[in-house]
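Working notes, beginning with the structure itself.
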Amino acid sequence: GTRKDICTNDWYAQVEKQVLTGDGNGHGPDLGSSEWRSVIEFKLKIRGDTDIPAIDSDQWCEYIDKHYIK
């Protein structure tokens, strides 16, 4: 199959659906922002992990996509 686009709004929405950064009422950091990415790391319990690419890089999306997103 074709590889899905990462670091796009659709991809962020998919991650959000699986990881849930907000409180369920739509409050939370903007999708895709570095604050949001930081929350994703926190929720996945990988914050501070040395294996993770820079939080503001496309590689970060690839890493999260490969390891955590179904």
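The values are calculated or read from the model by the stated rules, or taken from the named source; none is laboratory data. Nothing here was measured: the structure is a model prediction, and the numbers come from that model. Ideal geometry is used to build each Cβ from the backbone, glycine not excepted, and the neighbour counts take in all protein chains shown. Quick note on the areas: whole protein, heavy atoms, side chains included, nothing else; ligands and nucleic acids left out. Shrake-Rupley method; radii C 1.70, N 1.55, O 1.52, S 1.80 Å.
Expected output is a single nm value to one decimal: the length gained when fully extending between Leu20 and His67, i.e. 0.36 nm times separation in residues minus the C-alpha distance. What is it? Walk me through the numbers on the way to the answer.
Working: separation 47, 0.36 × 47 = 16.92 nm, distance 1.65 nm.
Stretched fully, the Leu20-His67 segment lengthens by 15.3 nm.
Taking the Cα atoms of the chain, what is the range of coordinates along each of the three principal axes, in descending order and whole Å?
Answer, in whole Å and largest first: 33, 29, 18 Å.
Suppose a student asked you for the relative contact order of the chain, using Cα pairs under 8 Å spaced at least 6 residues apart; what percent would you report? Walk me through the numbers before you get to the answer.
Numbers: 44 pairs, mean separation 21.0, N = 70.
Here the relative contact order equals 30 percent.
How big is the dipole moment of the chain about its Cα centre under a simple scheme where the beta carbon of each Lys and Arg is +1, that of each Asp and Glu is -1, and everything else is neutral? Debye, nearest 20, please. Numbers along the way, then the final one.
On the way: 9 positive and 13 negative charges, 64 e Å.
My answer is approximately 300 debye.
Ignoring ligands, DNA and RNA, what accessible area per residue does the chain give at 1.4 Å, in Å²? The partial results should precede the final answer.
Values: 4740 Å² over 70 residues.
Per residue, the chain has an accessible area of 68 Å².
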